[in-house]
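A.B. asks: Just passing along the structure, written as structure tokens.
Read-outs throughout are calculated quantities, based only on the coordinates presented, and are distinct from any laboratory measurement. Not measured: the values here are computed from a predicted model. Positions of Cβ are backbone-derived with ideal geometry, glycine not excepted, and every protein chain shown enters the neighbour counts.
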């Protein structure tokens, strides 16, 4: 049943489009889902609610790309919100001034003409006007700039959710708490902007 819903979305969103335009359309659809943290990472739930965290949006987009016949791999990178180019409001800046906030960031790579290219659908397009790094015009064949400054990048082997949870468990309890607090406040702020 769940794969049927994913197949139906692919059919609806890509009807009559050539392959490159179809992958661009899938990206744009998922990119523009609301960013919400915490939220389900289940691809069908993300599709039905049209919202998700970066993880959930990329888990969905990966499944949709696979249904188009693309080779997909999930990627994780570590980053620090302190190094972000986003102009955070004062209450988020206050957290960053006192603490280093480490995060694990999900994105995808798809194989195009034998090369792996980066795809990042984290932020919806309307956030671009607030200084968020959003890809608004993707050609479907080139890597996008990631929304974060990556420290370390890893290709996910196996279940991306399990690997992310394992990596998060290696953070100190304080780092995990700061990350959770920051992401919850970030999600509230983002949804106030929209």
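A.B. asks: By what distance, in whole Å, do the Cα atoms of the range 70-166 stretch along each of the three principal axes, largest value first?
C.D. replies: Per principal axis, max minus min of the Cα coordinates gives 44, 34, 18 Å.
A.B. asks: What translational D, rounded to a whole number of µm²/s, comes out for the range 123-166 from Stokes-Einstein when the hydrodynamic radius is the Kirkwood one over Cα pairs, at 20 °C and 1.002 mPa s?
C.D. replies: Stokes-Einstein gives a translational diffusion coefficient of 164 µm²/s.
A.B. asks: Across the range 61-119, what fraction of all alpha-carbon pairs, as a whole percent, falls in each successive 5 Å bin from zero upward?
C.D. replies: Taking every Cα pair in the range 61-119, the percentages come to 4, 16, 19, 16, 10, 11, 11, 8, 5, 0.
A.B. asks: Same structure again: Could you order peptides 41-51, 165-175 by the average number of other Cβ atoms within 10 Å of their residues, highest first?
C.D. replies: Averaged packing, sorted descending, gives the order 41-51, 165-175.
A.B. asks: I would also like to ask the following. Percent relative contact order of the range 2-193, based on C-alpha pairs within less than 8 angstrom and at least six residues apart?
C.D. replies: Here the relative contact order equals 23 percent.
A.B. asks: Follow-up question, since we're still on this one. Tell me what the chain gives for mean residue ellipticity at 222 nm when only DSSP H runs of n ≥ 4 count, each as -39,500 (n - 2.57), the sum divided by the residue total, rounded to 500 deg cm²/dmol.
C.D. replies: About -14000 deg cm²/dmol.
A.B. asks: If you line up the long axis of helix 2-14 against the longest principal axis of the chain, both from Cα atoms, how many degrees apart are they, to the nearest 10?
C.D. replies: 70
A.B. asks: I've got another one for you. Could you give me the percent of Cα pairs per 10 Å distance bin for the range 2-193, shortest bin first, beginning at zero and ending with the bin that holds the maximum distance?
C.D. replies: Per 10 Å bin, starting at 0, the Cα pair percentages come out as 9, 37, 37, 14, 2, 0.
A.B. asks: Just to confirm the number: angle between the C-alpha axis of helix 160-169 and the first principal axis of the chain, 0 to 90 degrees, nearest 10?
C.D. replies: 10
A.B. asks: Quick one: check the C-alpha center-to-center distance for the range 64-125 versus the range 14-38, whole angstrom.
C.D. replies: 16
A.B. asks: Does anyone have the angle between helix 54-67 and the longest principal axis of the chain? Alpha-carbon axes, 0 to 90°, nearest 10?
C.D. replies: Approximately 10 degrees, to the nearest 10.
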